[in-house]
Every structure is written in structure tokens, then in C-alpha cells.
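Asks: Below is the structure I would like to discuss, written out as C-alpha cells.
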């Protein structure tokens, strides 16, 4: 559930799709009420999925120069992820050592617009570091930004492997084994107003 990656993306990007051109960089905030990160995995018995809305983060972008200035880490609370099965949830929290590492972090480092972008809709290449249980992994993926109201919807998908972070796949009932590969899908709304 690499919020990896996640999840979550995602972000720095939306800024490019905002309304009027500004004379200085602006700050944007993720709105957890309108944002979701989902993960999809497989076990020896069946496929499963989970999601969270406990996302937070800010970014600063210069609309005049289409330039990413800086961003806070995008934070995801481990115990907010729910799969619909309590035993599986607790096994997941144990795997990620939620007691000592309660958050999964994504540090955006680079955002590059692809040719043909507009302020209404665009595709960007994003790079950054995912941190799980104190271990970082550099990742890159594409995101799509669509302008909506006072902000923009940033959506995309990526993946991560449990063993990138020296984790053992969760095993909720001992005999059930979970595949170390997880797919991540995110839809995050970024606004000029802090929710």
C-alpha cells in the first residue's frame, strides 16, 4: 500500500492548472474531504483493496514561470487505511510498524509538464521519494491535472513493492500469504484554501 506512492500523489502539479496568472508563487493545500488514495493487492485466497482519506500536504508553485518552488511532505496515516477486514487491517499496521512509524510520507522533488499542457487540463511527470518505516525509495510516475473551482484534481497511479522497504508481507491468519506487489491509485484535490 505504498501510499506510496503513493500514493497519493501527486500534487505539485495541479498548480499549473489554476485560473489567472499570478505575479508571485502561491501556496496550495490538499483537501482530505475530496481526496482518496487506494491500494490493490493479492493474497493466496483472493484480491483485496483498501483506501484512506487521511492525506495532508502543501506546495508552492510559480504560475508565471510554471515552476515548482517547494512542497511539504505529503502525509498518509498508516492506521487510516481500511480494507474491510479488521484482522487484515491490523496485520497491515503491524507490517508497517505503525506504532513507531505512524505515517507514510511522499516528498515531491520534481514536476515537469508534458508538451501541450493548458491551465484546464494537463499531464505531468512527477518525481519524489516515498518513505516507509524510515526507508526512502525514489519513484517517478505521471499524473493528470484537471482544473476545478479554486483548485485542481490531481489523479494518477503507480505501484510499490513491500521489499523496497525491507517489510514482510502481512499475513492476517498465518496461512494466508500476501503478494509483495501493490498497485496504487490516487485522486487528490488541491486548493488555494486550507481545509
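Asks: Would you check if there is a residue in the range 2-9 being exposed (fewer than 14 other Cβ atoms within 10 Å of the Cβ), modelled with pLDDT under 85 and not in a strand (DSSP E or B)?
Replies: Restricting attention to the range 2-9, the residues satisfying the condition of being exposed (fewer than 14 other Cβ atoms within 10 Å of the Cβ) are none.
No: the range 2-9 contains no residue that is exposed (fewer than 14 other Cβ atoms within 10 Å of the Cβ), modelled with pLDDT under 85 and not in a strand (DSSP E or B).
Asks: A follow-up question, please. What are the pairs, 6+ residues apart or on separate chains, where a residue within the range 26-38 that is over 16 Å from residue 71 (Cβ atoms) has its Cβ under 6 Å from a residue that is at pLDDT 95 or above and outside any strand (DSSP E or B)?
Replies: Pairs found: 32/53; 36/53.
Asks: How many of the residues making up the range 118-134 are surrounded by fewer than 16 Cβ atoms within 10 Å (Cβ to Cβ), in contact with a helix residue (DSSP H, G or I) (Cβ under 8 Å, 6 or more places away or on another chain) and within 23 Å of residue 53 (Cα to Cα)?
Replies: Selection size over the range 118-134: 1.
Asks: For the range 80-91, give me each residue that is under 22 Å from residue 32 (Cα atoms) and buried (at least 16 other Cβ atoms within 10 Å of the Cβ).
Replies: 80, 81, 83, 89
Asks: Six or more apart or on different chains, Cβ atoms under 9 Å: show the pairs whose first residue is in the range 163-181 and on the phi > 0 side of the Ramachandran plot and surrounded by fewer than 16 Cβ atoms within 10 Å (Cβ to Cβ) and whose second is at pLDDT 85 or above and not in a loop (DSSP other than H, G, I, E, B).
Replies: Final answer for the pair search is 166/135.
Asks: Turning to a different aspect of this structure: Against the definition (farther than 17 Å from residue 185 by Cα, out of contact with any helix residue (DSSP H, G or I) (no Cβ under 7 Å at 6 or more places or on another chain) and free of Cβ contacts under 8 Å to residues at least 24 places away in the same chain), how does residue 115 come out, yes or no? Please lay out each step first, then the result.
Replies: Working: farther than 17 Å from residue 185 by Cα: yes; out of contact with any helix residue (DSSP H, G or I) (no Cβ under 7 Å at 6 or more places or on another chain): yes; free of Cβ contacts under 8 Å to residues at least 24 places away in the same chain: yes.
Taking the combined requirement at face value, the residue satisfies it.
Asks: Still on this structure, I have one more. Kindly indicate whether residue 97 is farther than 23 Å from residue 70 by Cβ and loosely packed, with under 14 Cβ neighbours inside 10 Å.
Replies: Taking the combined requirement at face value, the residue does not satisfy it.
Asks: Do we have residue 17 as more than 14 Å from residue 145 (Cβ to Cβ), modelled with pLDDT under 90 and surrounded by 17 or more Cβ atoms within 10 Å (Cβ to Cβ) here? Give the derivation first.
Replies: On the way: more than 14 Å from residue 145 (Cβ to Cβ): no; modelled with pLDDT under 90: yes; surrounded by 17 or more Cβ atoms within 10 Å (Cβ to Cβ): yes.
Criteria not met by residue 17.
Asks: Within the range 35-90, considering only strands (runs of 3 or more DSSP E) that don't extend past its boundaries, which have at least 2 residues that are modelled with pLDDT of 95 or more?
Replies: Result: 47-52, 74-77.
The values are calculated or read from the model by the stated rules, or taken from the named source; none is laboratory data. Everything numeric here is computed off the predicted structure, so don't read it as measured data. Please note: Cβ atoms are built from the backbone with ideal geometry, for glycine as well, and neighbour counts cover all protein chains shown.
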